[in-house]
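Nothing in this text is a laboratory measurement; each read-out follows from the coordinates by a stated rule. Since the model is a prediction, treat every value here as computed from it, not as a measurement. Note: ideal-geometry Cβ built from the backbone for every residue, glycine included; neighbour counts use all protein chains shown.
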Amino acid sequence: MNKTKGIGWVVGLLVWSLHGIMGSALECADKEPGSMRCTISVEKLLDRAIQHAELIYRVSEESRMLFEEMFIPLTMLAPQTRGGHMCTSKIIPIPTSKSEIQQISDKWLLHSVLILVQFWIDPLIDLQSSLDRYDNAPNALLNKTKWMSTKLMNLEQGVLVLIRKMLNEGSMQIEDNESLTGVLVPPDMVESVLRDYVLLSCFKKDVHKMETFLKLLKCRQTDKLSCSLF
């Protein structure tokens, strides 16, 4: 078995197994009779959200590696193709430095996660459409992209439940959400491939931010004085 096929098989198995494990893990099954109010504890909701973010991050890394193996020659692996300064999510108002993240309130930690999640919903849908136009995109990559899109929307619902439960607030939508494909319009297939690779790289970085914010928030619920970034 060659390396690419081996990665594809592992990714396919991972997607299948995660689908079975997670299901609709962020849906609130525990509700008061006759009410839409969620009675699951904040701690359990945070655990579910963190698990979701961890799994999405893991699958995003596998997706990026598989895409790189299939479509990106070594000669094209310049620093700029790995995401870096090309990530358009840098335009959205979330904390970036460790000192900023440590100092912001629980409210803005939650809203920062929601902003990132909502920013990426449309780009992942655009990525699915782009990959469908490839002549040789492996099914493992296509399935994994669809899985990430579904789980990201599940994570959005979970964060909204947390916001209502912890902050007693309604939902929050970011305005003028531009997809990466709207910002980087490819004139040819090479540009399209590079754009999709940058998108996957940037998505992986931002999912790691979501995971970090959620873990910091959970730590603050239990031992606020000793919390630090992971």
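Listing for the model above:
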{"item": "Residue order, fewest to most beta carbons within 10 Å, for His208, His111, His52", "result": "His208, His111, His52"}
{"item": "Per-residue Cβ neighbour rank within 10 angstrom, fewest leading, Leu46, Leu152", "result": "Leu46, Leu152"}
{"item": "Residues Lys90, Lys151, Lys215, sorted so that the one with the fewest Cβ neighbours within 10 Å comes first", "result": "Lys90, Lys215, Lys151"}
{"item": "Karplus (6.51, -1.76, 1.60) ³J(HN,Hα), θ = phi - 60°, over segment 119-135, in Hz, Gly and Pro reported as x", "result": "4, 8, 4, 5, x, 5, 5, 4, 5, 4, 5, 5, 5, 5, 8, 6, 6"}
{"item": "Sites Lys205 and Val42 - FRET efficiency at Förster radius 22 Å, r taken between beta-carbons, to 0.05", "result": "0.20"}
{"item": "When each of Lys144/Lys209; Lys44/Lys204; Lys144/Lys205 is checked by Cα-Cα distance, pairs over 22 Å", "result": "Lys44/Lys204"}
